[in-house]
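The values are calculated or read from the model by the stated rules, or taken from the named source; none is laboratory data. Small disclaimer: the values here were computed from a predicted structure and weren't measured. For neighbour counting, all protein chains shown are included, and Cβ atoms are generated from backbone atoms with ideal geometry for every residue, glycine included.
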Amino acid sequence: MTTFHWAEQRKKPAYLALEDGTIFRGWSVGAAVDRVGEVVFNTGLTGYQEIISDPSYAGQFVTFTCPEIGNVGMNAADRESLSIHASGLVMHACNAASNWRSESELGRALKDAGVPALAGIDTRRLTRLLRDQGTMKGFMCVTGAADEADGVAQARAWQGLDGQDYAARVSCAQPYAWDADGRETCSWGMAARLPPADLKIVAYDFGIKWNILRGLRRQGMQVTVVPAKTTAAAVLAMKPDGVLLSNGPADPAALPYAVAAIRELLGKVPMMGICLGHQLLGLALGGRTYRLKFGHHGCNHPVMDLAAGTVAITSQNHNFAVAAETIDTARVDVTHINLNDQTVEGIRCKAFPAFSVQYHPEACPGPHDAAPLFQQFRTSITVSGCAAR
Amino acid sequence: MLIGSGPIVIGQACEFDYSGVQACKSLREEGYEVVLVNSNPATIMTDPEFADRTYIEPLSADFLSAVIRRERPDALLPTVGGQTALNLAMELDKAGVLEKYGVEMIGATAEVIERAEDRSLFKQAMLKIGLDMPRSGSARTIDEARKVRDTLGYPLVIRPGFTLGGAGGGIARDEAAFERIVQQGLFLSPTHEVLVEESIEGWKEFELEVMRDRKDNCVIVCSIENLDPMGVHTGDSITVAPAQTLTDREYQNMRDAALAVMRVIGVETGGSNVQFALNPANGRMVVIEMNPRVSRSSALASKATGFPIAKIAAKLAVGYTLDELRNDITRQTPACFEPSIDYVVTKIPRFAFEKFPSADPVLGTQMKSVGETMSIGRTFKESLQKALRSLETGRAGFGADGKDDPFEARDDASLEAALRTPHSNRLFDIRAAFRRGWSVARIHGICKVDPWFLRHLEELAAYEDEIRAAGSLAELERDAARFMQAKQFGFSDRQIAWILQATEDAVRAARQRLGLVPAYGLVDTCAAEFAALTPYFYSTYGSGGLPEASPTAQSGAPRRKIMIIGGGPNRIGQGIEFDYCCVHACFALRDAGYETVMVNSNPETVSTDYDTSDMLYFEPLTLEDVLHVYRHEGCAGAIVQFGGQTPLNLARALEANGVTIIGTSPYSIDQAEDRKQFQELAARLGLRQPENGLATGADEAEAVAARVGFPVLMRPSFVLGGRAMVIVFDRETLRTYMREAVEVSEDRPVLIDRFLANACEVDVDCISDGETHVIGAIMEHVELAGIHSGDSACIIPAPNLSKSVKAVIRKQTFALAEALKVKGLMNIQFAVQGEDVYILEVNPRASRTVPFVSKTTGVPLAKLAALVMVGEKLVDLGFTQEFIPQHYAVKEAVFPFTRFPGIDVVLSPEMKSTGEVMGIDGNCGLAYLKSQIAAGNRLPKGGGVFLSVRDEDKGDAVELARKLKQLGFTLYATLGTSTALWKAGIRDRAVFRISSGHPNAIDLIESDEINWIISTPTVGTEPAWDEVKMRAHAVTRNIPITTTINGLRWSIMGLKSYQTAHGHVKVRSIQEYHERSPPVRLPTRVSGKGLQA
């Protein structure tokens, strides 16, 4: 018979303190470390492994609205980066795995990665609080080192993510070539065969998800990943056919070096931006970004392609957005909007081959509806005449 | 034009009323004129206000063509009426009717339906888009079969071509079995062909609900995972939403596949469901099938997520796109999105094997369940326990309620066998195995249920001991955290009471002292991401703090809240008719300005559509759960009259806990249902009852039988649908019955009545406000007393009752209404022997016949009754006079016999029908004929008829045989009947009894010489083997069987009218039939009394 730890769970010895003073009690299912973080919620029903390994979640506590988590364990193929980037996890129930692809348990992986996590949390109440009050700073205490009042104080004292450059923290230290043998791109459930890589792409790593790289490679692009702070000159020196601006954590306004680089690259090389990359392109094109009340984190966001009039169900994960009213419509077209709240989801530079989307065409987790955007990137390169060959 | 799905049968229940109602509303909202055809009078969709013209006519191509000829619709929407509507649409298309009258098929075209339904076309389409299906090959010789085997490997499914119900097939796991089954299959197949297919038994099964619009926007509304692995029909499987054991990559690949299937099959707009199987060892995914229409699963998905698939499908069919439609629940965001849910939904099927003791209870690929229940909980554990107690099978959850003995008593070998064989109680065997210390791995190895589910079940089984370890209820009360954990795991008060040897009341009291009550979560489609305004709730423990939205807070002036308790899962004896009444109560009270609170647990129904009531609570119908809702909402009263036996059984306990039961008091209900009290009442009122008595033991029963004389009618008290009701002819059977009946109902005695032979049974529905009593209708049964009223056909207006008998019936009805202080509806069953009127039963509640009466007379009885219960007067409502229509309506019952091969089809006091149809016509015979066609008894217009009647019926049979001859039938009869006919000068062809030689009836069936069987069962003893075999065989060949003389008499009358009319049977809408119905005045928000003073 399995051993259960009900008595321990009933004590609810761990807690999450929010900056507004609210306490959510539960028990620890991750590493024994206390952390501060920004509390967000994700409404996806699948893909917790992809979520927590997405570097965009750096600095954040992810609350899963889906109550049963851990069901499929963890496996090497589904990683979106080498480590778990979320600062902490908040769950209703953390289960043992049952899936033929599982290689380890979620709880084990969290402990190994040094990431704290809570279970036994009333996640619906927490979600409603965040929805109504907006994203909040929090302190996750699993060691018993701080009492609750202290926890609230720590949450309040933390500087938060606004104005913080988290991209530099999660970006690679050195440029590297993506997946020379194609093995990672062809991991389980992905296309088995790859076209020859005939285009050279430089991908800015602001916290890049591997499936972006897989998506590019599947379009016949050979990708070199470069650190966030790589200069435009250095990129151009690599003579890329296109530049990908990746997703990433925190606040785009804290990355002036990236905006400067993008400005310089505009017109010189076709660009595609995703999520943070989209916000950076927006900034480079003269727009401004702002913080959404509680962001978009989930796999079910309807995005309308304004030209085609069709809707894609998209994977999303962002707290900041490009402000529609700040977009210079003389230079930039808004190509996509979110049907839930009408926020800007995609822009295209009129003069140069550069476009970006706020959502995640690489999915993982989430629907594949937007995957053709990688094809579109390829097309924009091949028709722009900027191709080196 | 919309086609409904007809009568409730296994596999097609009220989910198609739900989808049909949504489609009708949705299309009329857009200004379309809707013509509806459905033979089922118990549906909400056939209420005259839901369509412009409603035809309650048989669902056959002939009748539909007649409706099309008359109505000339522009388009036909065939996708909301189940398989029935889809098949009929195909028939109409093939017959050229649609083309001839220029009717466009919308939602799904004929080509699409063909591609989805035809196995080989479907397979081609799947291969074209690179999707996998179970691999197979066909073989005409054993060598060919071996070759196929060598490419596929064991286990293999062998399916002989064109045998009935797949007879002769099987699963081969080794060479010996393979050789044997293939040889047998090749022999049995008329085409000497077998299909050798890889077995996917034990794989995981999933379903996705897809919607698509004309711009090719696609969304998945819901993913569903079956707890029961492949091998059990999905309708008979326990299912869970959302899918729990898929990685994102697996799920997204499945999603891509589902969208690809929808596109290649060509469903341009609307909803479809796609079923997949997944090999749990390596993730290989195969497509099982797709349905290009709304389905039982889509109804479940709608209730599980709040996304109204049928409503949206109808809008998409007329050209909207998903982004143009609003999400009803949030009212801010569009319908073009994929719901995310923050709870777990469990559906459990409800079976009726107790009704068919000789049927095979093993679950397989053919659906056998008659209903289902759904529950919502934060976790799988909570959800499953709630679902199990919602099932109303007497269980209080996942065991631990004192009813586990049959499972725990099994020895290891039989427990293992019980785990291996899918059956309706397998969960309790799993519990027993865990209680015995078996591991998840071991149990998984036997039953293949995914370990993810098993682990939760193990935890529940183990937690019983954690509760027990508290020592006593008082100790548990001191350990509030442990108590809370038990509630979060879904343990009911009843389970906790059993574990701690306390009472349910004491557990509830302890909980209340601790403030341990559930919170209510909102079904909001978006996992709380957006504020939701539609009040659709479920209970869960351990959630709190922020109250969810409630319309009470928003709607200004406070309104009186009335709770309506629904009927729970469909079962035989309690089905859509009661849901119809509940829905009508909601409509009437809402219109009158009351706030209606619906509580129900059946996902198929209209009552659990969030549009029906002001507030919907999807909850188990137990005292614990209902009481919470009542108190949480602060209701002013609860209606228990409309949901059948389920709420009635709760009435007294609710009242004892402070619930105001409105309408007829529980005291009166008891008075009518308790035999002793009722006997006194009948005596006081001078009403005649068959001599009767009560017995709790066999000796007592024998004494009663000796006093009143055999045959006697025996039944337990307080049951619905004639459960365990039998006619007993001798002492021995009586003793056996007393031994077995005790299990049926614990502390209630058995009722014993003298059986009234050759009596005509009469049903009366009556409404009363305490001052005015009005009869809704007097219904004359076609079958004689002794056959359950739910199983017999009945006719309005009563064609054969004398004026004086009717006068007596009316007088007695009013006397009872008066004496029982009825406020609302009352149903009485009388038996009429000559001019003698006996009272059989009184039910001071809405009966199964209410919708039939309303569809016939045009009087909204259920609505009037609901209003009367809240204090309106019939005088003010404008209904004070019994209305007798100028036309005839016949209700006929529909049976599930084809689902249980080999069982006998005879009627008895035990109800067996699952549904009903109605035939309506100016001519009584034609109305009967229509009812027969609608019920699927396609009476032939000529040809061979086989007659075999019991001795008592020989006299009548002679007279009727003569009429059959006049109608042009050729008669075949067995010796006894034949002799009787020859003596009367009627020439027939004599045949052998099945046991005595050839040719016999079965030979005649096989050679197509007869197309109608008249066989009245031998009375008293077990029916003869011959008869049973013949009738069962006829069922499998779809040959109509008439088992009563009265049924035959009416059939002949119908056929005669048909001949007289030269086959021109007219169709008319019920709006036309209702033109002369009395106008009633239903109160509005302004004139009603819903607003609080």
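Structural remarks
- If you go through the range A:286-314 and keep only what is facing chain B (nearest Cβ under 10 Å), among the polar types (S, T, N, Q) and in contact with a Pro (Cβ under 6 Å, 6 or more places away or on another chain), you end up with nothing.
- Taking residues in the range A:361-379 that are within 7 Å of chain B (Cβ to nearest Cβ), and partners anywhere that are of a type in the set (S, T, N, Q) and assigned to a helix (DSSP H, G or I), the pairs with Cβ atoms closer than 7 Å and at least 6 places apart or on different chains are A:363/A:211; A:363/B:252; A:364/A:211; A:367/B:252; A:368/B:252.
- Members of the range B:880-936 that are polar (S, T, N, Q), part of a loop (DSSP other than H, G, I, E, B) and touching a helix residue (DSSP H, G or I) at 6+ places or on another chain (Cβ under 8 Å): B:880, B:886, B:923
- Across the range B:937-948, the qualifying residues are those that are in contact with a strand residue (DSSP E or B) (Cβ under 7 Å, 6 or more places away or on another chain) and part of a loop (DSSP other than H, G, I, E, B), and the one among them that is surrounded by the fewest Cβ atoms within 10 Å (Cβ to Cβ) is B:942.
- Selection count, the range A:28-41, where residues are more than 9 Å from chain B (Cβ to nearest Cβ) and either of a type in the set (Phe, Trp, Tyr) or not in a loop (DSSP other than H, G, I, E, B) (or both): 7
- Residue match in the range B:1030-1042 (condition: polar (S, T, N, Q) and in a loop (DSSP other than H, G, I, E, B)): yes
- Considering the range B:68-117, and only residues there that are of a type in the set (D, E, K, R) and within 26 Å of residue B:211 (Cα to Cα), the residue that is modelled with the lowest pLDDT turns out to be B:117.
- When residues in the range B:48-61 are screened for being in contact (Cβ under 8 Å) with a residue 60 or more places away in the chain and either crowded, with 24+ Cβ neighbours inside 10 Å or in a helix (DSSP H, G or I) (or both), 7 of them pass.
- Within the range A:54-93, restricting attention to residues that are part of a strand (DSSP E or B) and more than 11 Å from every other protein chain (Cβ to nearest Cβ), the residue that is surrounded by the fewest Cβ atoms within 10 Å (Cβ to Cβ) is A:58.
- Listing of helices (runs of 4 or more DSSP H) fully contained in the range B:403-507 that carry 3 or more residues being within 14 Å of chain A (Cβ to nearest Cβ) and within 30 Å of residue B:519 (Cα to Cα): B:451-468, B:480-488
- The condition of being in contact (Cβ under 8 Å) with a residue 12 or more places away in the chain, surrounded by fewer than 21 Cβ atoms within 10 Å (Cβ to Cβ) and within 11 Å of another protein chain (Cβ to nearest Cβ) holds for only one of A:49, A:9, that being A:9.
- Residue under evaluation residue B:1088, criteria (1) surrounded by 20 or more Cβ atoms within 10 Å (Cβ to Cβ); (2) not in a loop (DSSP other than H, G, I, E, B), criterion not met: (2)
- Of the residues contained in the range B:160-178, one or more are found to be at pLDDT 90 or above, farther than 22 Å from residue B:365 by Cα and not charged (D, E, K, R).
- Number of positions in the range B:1073-1091 that are touching a residue at least 12 places away in the same chain (Cβ under 8 Å) and under 20 Å from residue B:924 (Cβ atoms): 4
- Single unsatisfied condition, residue B:1015 versus (1) touching a residue at least 60 places away in the same chain (Cβ under 8 Å); (2) on the phi > 0 side of the Ramachandran plot: (2)
- The listed residue being at pLDDT 95 or above and more than 14 Å from chain A (Cβ to nearest Cβ), out of B:385, B:366: B:385
- Any hit, the range B:238-249, residues being within 14 Å of another protein chain (Cβ to nearest Cβ), modelled with pLDDT under 95 and surrounded by 24 or more Cβ atoms within 10 Å (Cβ to Cβ): no
- Residue that is surrounded by 24 or more Cβ atoms within 10 Å (Cβ to Cβ), among the aliphatic types (A, V, I, L, M) and farther than 26 Å from residue B:15 by Cα, where the choices are B:656, B:636, B:592: B:592
- Residues of the range B:336-346 classified as under 30 Å from the mean Cα position of the chain (by Cα), within 9 Å of chain A (Cβ to nearest Cβ) and more than 15 Å from residue B:529 (Cβ to Cβ), total: 1
- Test: residue in the range A:115-134 that is more than 14 Å from every other protein chain (Cβ to nearest Cβ), among the basic types (Lys, Arg) and crowded, with 16+ Cβ neighbours inside 10 Å: no
- Matching residues, the range B:282-305, being more than 13 Å from chain A (Cβ to nearest Cβ) and not hydrophobic (A, V, I, L, M, F, W, C): B:289, B:291, B:292, B:293, B:295, B:296, B:297, B:298, B:302, B:303
- If you go through the range B:840-851 and keep only what is farther than 18 Å from residue B:665 by Cβ and touching a helix residue (DSSP H, G or I) at 6+ places or on another chain (Cβ under 6 Å), you end up with B:848, B:850, B:851.
- If you go through the range B:92-107 and keep only what is assigned to a helix (DSSP H, G or I) and farther than 12 Å from residue B:76 by Cβ, you end up with B:94, B:100.
- Residues of the range B:967-988 that are in contact with a helix residue (DSSP H, G or I) (Cβ under 8 Å, 6 or more places away or on another chain) and either surrounded by 15 or more Cβ atoms within 10 Å (Cβ to Cβ) or of a type outside the set (Lys, Arg) (or both): B:967, B:971, B:972, B:973, B:974, B:976, B:977, B:980, B:981, B:984, B:986, B:988.
- The C-beta contact set for the range B:485-512 (first residue more than 10 Å from residue B:473 (Cβ to Cβ), second residue of a type in the set (Phe, Trp, Tyr) and outside any helix (DSSP H, G or I), distance under 6 angstrom, 6+ apart or interchain) comprises B:487/B:541; B:488/B:541.
- Candidates B:197, B:205: the one that is modelled with pLDDT of 95 or more, of a type in the set (Asp, Glu) and not in a helix (DSSP H, G or I) is B:205.
- Test: residue in the range A:325-332 that is in a helix (DSSP H, G or I) and either buried (at least 22 other Cβ atoms within 10 Å of the Cβ) or away from every other protein chain (no Cβ under 13 Å) (or both): yes
- Condition met for residue B:391 (closer than 18 Å to residue B:231 by Cα and in contact with a strand residue (DSSP E or B) (Cβ under 9 Å, 6 or more places away or on another chain)): no
- Single residue of B:828, B:775, B:839, B:809 found to be touching a Lys or Arg at 6+ places or on another chain (Cβ under 8 Å) and within 24 Å of residue B:41 (Cβ to Cβ): B:775
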